[in-house]
Each structure stands twice: as C-alpha cells, then as structure tokens.
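The values are calculated or read from the model by the stated rules, or taken from the named source; none is laboratory data. On a predicted model such as this, the values are computed, not experimentally measured, just so you know. FYI the Cβ positions are ideal-geometry reconstructions off the backbone, even for glycines, and counts take in every protein chain you see. For the accessible areas, the whole protein counts, side chains as well, though only heavy atoms, and no ligand, DNA or RNA atoms are used. Shrake-Rupley method; radii C 1.70, N 1.55, O 1.52, S 1.80 Å.
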Amino acid sequence: QVALVESGGGLVQAGGSLRLSCAVSGSIFSINAMGWYRQALGKQRELVAVITSGGSTNYADSVKGRFTISRYNAKNPVYLQMNSLKPEDTPVYYCNANVGGLGMAYWGQGTQVTVSS
C-alpha cells in the first residue's frame, strides 16, 4: 500500500514558477516509478513527467526544458519544479506511483495550478 499527498499548487502569472510536492508513505521500496500527470476539465489525463526507481526520467514534449522531476526516497517527497509557466499549464496535477510486480497505480488527490496570462 502506498499513500500520496500533493501540495504546492496555486495561482501564478505566466512566466513564473511553482514547485509541486508529493509526499509518499507506505511501501516505498515497492515503487517502480513515480510521475506527475495533469488533467484539464473535459480532457483526458496526460503524463507530464515520470522518474523510475533507477533515476531515469521522461517528460512530455510540451514541458521539456521547463519542468524537472526530482528523485524520491523515504525522507524526501517527489517534486515537480515548474518554470516558465504558460496558461496551458493550468489544469489539476496528480501524483502517481507505479507499484509492485503488477504495476498497480496509486493516485494522489490532485492539486490545482492556475497560470494567468
């Protein structure tokens, strides 16, 4: 079992920065990868960034060079540093953990990011 709690969302002007945090508790050693997803109203949830337990990362093309996902461990949450924010970066952001041999997905409750133009 893994529990995820996001924080750090808010309102920022275009060009600004925010850092999202995802606190992880539970069977952290069984986590294969952690990621950040976002979902706008009426649209499908999309991958923003992912980091594996080995430290490999992958980013959506739309955020490459602007967003950075950090490594996680038992003491530190997963961070998503978001720079040069654009209005299209606005939706709800969700933290995700891929856990165990079957790759079970766990989700946080989401945190709203609003970028004003």
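In segment 6-56, what count of residues is obtained for those that are open to solvent by 30 Å² or more (accessible area, probe 1.4 Å), at pLDDT 95 or above and of a type in the set (V, I, T)?
Number of matching residues: 1.
Within segment 75-84, is there a residue that is of a type outside the set (D, E), over 11 Å from the mean Cα position of the chain (by Cα) and surrounded by 14 or more Cβ atoms within 10 Å (Cβ to Cβ)?
In the first step, residues of segment 75-84 are kept if they are of a type outside the set (D, E); the result is 75-84.
The next check asks that each one be over 11 Å from the mean Cα position of the chain (by Cα); those that pass are 75-76, 83-84.
With surrounded by 14 or more Cβ atoms within 10 Å (Cβ to Cβ) added as a condition, the list becomes 83.
Within segment 75-84, one or more residues are of a type outside the set (D, E), over 11 Å from the mean Cα position of the chain (by Cα) and surrounded by 14 or more Cβ atoms within 10 Å (Cβ to Cβ).
Among the listed residues A33, A49, which satisfies the condition of being over 10 Å from the mean Cα position of the chain (by Cα) and within 12 Å of C95 (Cα to Cα)?
Working: A49 fails: over 10 Å from the mean Cα position of the chain (by Cα).
Going through A33, A49 in turn, the sole match is A33.
Read through the list (1) in contact (Cβ under 8 Å) with a residue 60 or more places away in the chain; (2) open to solvent by 50 Å² or more (accessible area, probe 1.4 Å); (3) farther than 28 Å from S116 by Cα, then give the number of the only condition that P87 fails.
(3)
G55 fails exactly one of the following numbered conditions: (1) touching a strand residue (DSSP E or B) at 6+ places or on another chain (Cβ under 6 Å); (2) within 22 Å of M104 (Cβ to Cβ); (3) free of Cβ contacts under 8 Å to residues at least 60 places away in the same chain. What is the number of that condition?
(1)
So, L85, is that one touching a Gly at 6+ places or on another chain (Cβ under 7 Å) and over 19 Å from G10 (Cα atoms) or not?
Numbers: touching a Gly at 6+ places or on another chain (Cβ under 7 Å): yes; over 19 Å from G10 (Cα atoms): no.
So L85 fails the test.
Can you pull out every residue in segment 6-39 that is β-branched (V, I, T) and in a strand (DSSP E or B)? Please lay out each step first, then the result.
The initial filter retains those residues of segment 6-39 that are β-branched (V, I, T), namely 12, 24, 28, 31.
Answer for segment 6-39, where residues must be β-branched (V, I, T) and in a strand (DSSP E or B): V12, V24, I31.
May I ask you to list the residues in segment 40-61 that are part of a strand (DSSP E or B) and acidic (D, E)? If you could, list the steps in order and put the result at the bottom.
If we filter segment 40-61 for residues that are part of a strand (DSSP E or B), which is where we start, we get 46-52, 57-59.
Matches in segment 40-61: E46 only.
Kindly provide the set of residues from segment 90-117 that are free of Cβ contacts under 8 Å to residues at least 60 places away in the same chain and hydroxyl-bearing (S, T, Y), ordered by number.
Selection gives T90 alone.
Does segment 62-71 contain at least one residue that is at pLDDT below 95, open to solvent by 40 Å² or more (accessible area, probe 1.4 Å) and outside any loop (DSSP other than H, G, I, E, B)?
Here is the first cut: in segment 62-71, the residues at pLDDT below 95 are 70-71.
Applying the additional criterion that residues be open to solvent by 40 Å² or more (accessible area, probe 1.4 Å) yields 71.
Among the residues that remain, those that are also outside any loop (DSSP other than H, G, I, E, B) are: none.
No - not one qualifying residue is present in segment 62-71.
Among what's in segment 72-116 and is hydroxyl-bearing (S, T, Y) and in a strand (DSSP E or B), pick the residue that is farthest from S27 (Cα to Cα). Steps first, please.
Going residue by residue through segment 72-116, those that are hydroxyl-bearing (S, T, Y) are 72, 79, 84, 90, 93-94, 106, 111, 114, 116.
Retained after the next criterion (residues that are in a strand (DSSP E or B)): 79, 93-94, 106, 111, 114, 116.
Values: Y79: 19, Y93: 23, Y94: 19, Y106: 12, T111: 23, T114: 32, S116: 38 Å.
Looking at residues that are hydroxyl-bearing (S, T, Y) and in a strand (DSSP E or B), I get S116.
Q112 is checked against (1) within 17 Å of V5 (Cβ to Cβ); (2) at pLDDT 95 or above; (3) buried (at least 18 other Cβ atoms within 10 Å of the Cβ); (4) of a type outside the set (D, E, K, R) and fails just one. What number does that condition carry?
(3)
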